[in-house]
Amino acid sequence: MLFPALAVAALGAFTPCVAHADPVSDAKDLFTRGRELRAKGDCAGAVPLFRKAIDLYPEGLGSVRNLAECEEQLGHYASSRRAWLDLKRGLLTTDDKKYEGWSHDAEAAAARLAPKLATLTVDVSYATPDGQAALSKGVTVTLDGETLAPALVGTPLERDPGHHVVRAAGDRVQEPQQSSVDLVAGDNKHVSLRVVVKPPPTSLPELSPPSNDTGPAQHPPEAPAEESTGSARKTVAWVAIGVGAASLVGAGVSLGVRQAALSDAQNACGNTNLTNCPPSVHDDVSRGQTASTMFTVLGIVGVVGLTTGIVLIATSHGHSQQSRLIITPTLGGASAAWRF
């Protein structure tokens, strides 16, 4: 029917729209920008874009391959080899024809880069100040400034030739430890750190303040919450006004439908008393009765909604928690009264 549809449409105007991000589209955009930079010879600028694209869409193997090739071009052989191996693993889950031959390329590149790398193993031991074994909790180990996951401590790691720095620090470390090592291709070296871990601080019981016989303890007054409460009341008020306005629109439409149905019935019966009417008048009478009911219901909801919204806005400042507004729908509208 027309009037419910208009009421629903009016209410829909108050419904907020929600936008959803598309990671796949964002990843493709990053890939395209990375390819443009690479075409200009700027692999250093393209690498971060390829990495972000992979984070958003790991299935995008084109980003993985371009990352591997750019890293190799920059001389980052360890990072390049890891990317080639990631590409080979990713190809195991797809049979897309556009990736034909890529598995062979990844395997060949990984084998070609292996002799250019060195292997570094970071060993860390933890002890208390009195020499007892300790846990690694509260200690962060970094390799060249990047945090080394606990699972990688003691594990051989492929690294590029050059100077590398291992550091252990943290809130519970008595004194930060650091060691450096220079690697050349084919090296297999170890770096060992001994970290002294301080025991966790002991919690002391809370001490009660000295008693004061001059009277009960005075507590600072709590900060009033009227500002946040007033904001919430305004939000509810505008929602109520919106619902009330939409309902009144529906009531107006219902009134128009009722009057049209009454006019059609009177014309068919030939009188205003609706007596001696033909059977065809039944549909007009039914339509008029339904419209009359909708007019009454929507009119009451509209009046109550508008009244509630206006009162809430008017009382959004300085309202008392001990007082409240009671609104009661009636046949002719609504009644409102304050309760204290």
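Would you work out which of 25, 56, 68 lies farthest towards the positive end of the dipole of the range 23-75? Charges go on Cβ: Lys and Arg +1, Asp and Glu -1. The residue sitting farthest along the positive end of the dipole is 25. Computed over protein heavy atoms with a 1.4 Å probe, the accessible surface of the range 58-127 works out to 50 Å² per residue. Using a ≥ b ≥ c from the Cα gyration tensor of the range 137-200 (square roots of the eigenvalues), is it rounded, prolate or oblate, where a/c under 1.5 gives rounded and otherwise the larger of a/b and b/c decides, a/b for prolate? The shape class here is prolate. The amide H of residue 173, built 1.01 Å from its N in the peptide plane, has 198 as neighbours under 5 Å, considering only residues 5 or more places off or on other chains. Take every pair of alpha-carbon atoms less than 8 Å apart whose residues are at least six positions apart; their mean separation over the length of the range 21-95 yields a relative contact order of 25 percent.
The values are calculated or read from the model by the stated rules, or taken from the named source; none is laboratory data. What you see is a predicted model, and the numbers here were worked out from it, not measured in a lab. Note that each Cβ is placed from the backbone with ideal geometry, even for glycine, and that neighbours are counted across all protein chains shown. When the accessible area is computed, the model is the full protein with side chains, heavy atoms only, and any ligands, DNA or RNA have been set aside. Shrake-Rupley method; radii C 1.70, N 1.55, O 1.52, S 1.80 Å.
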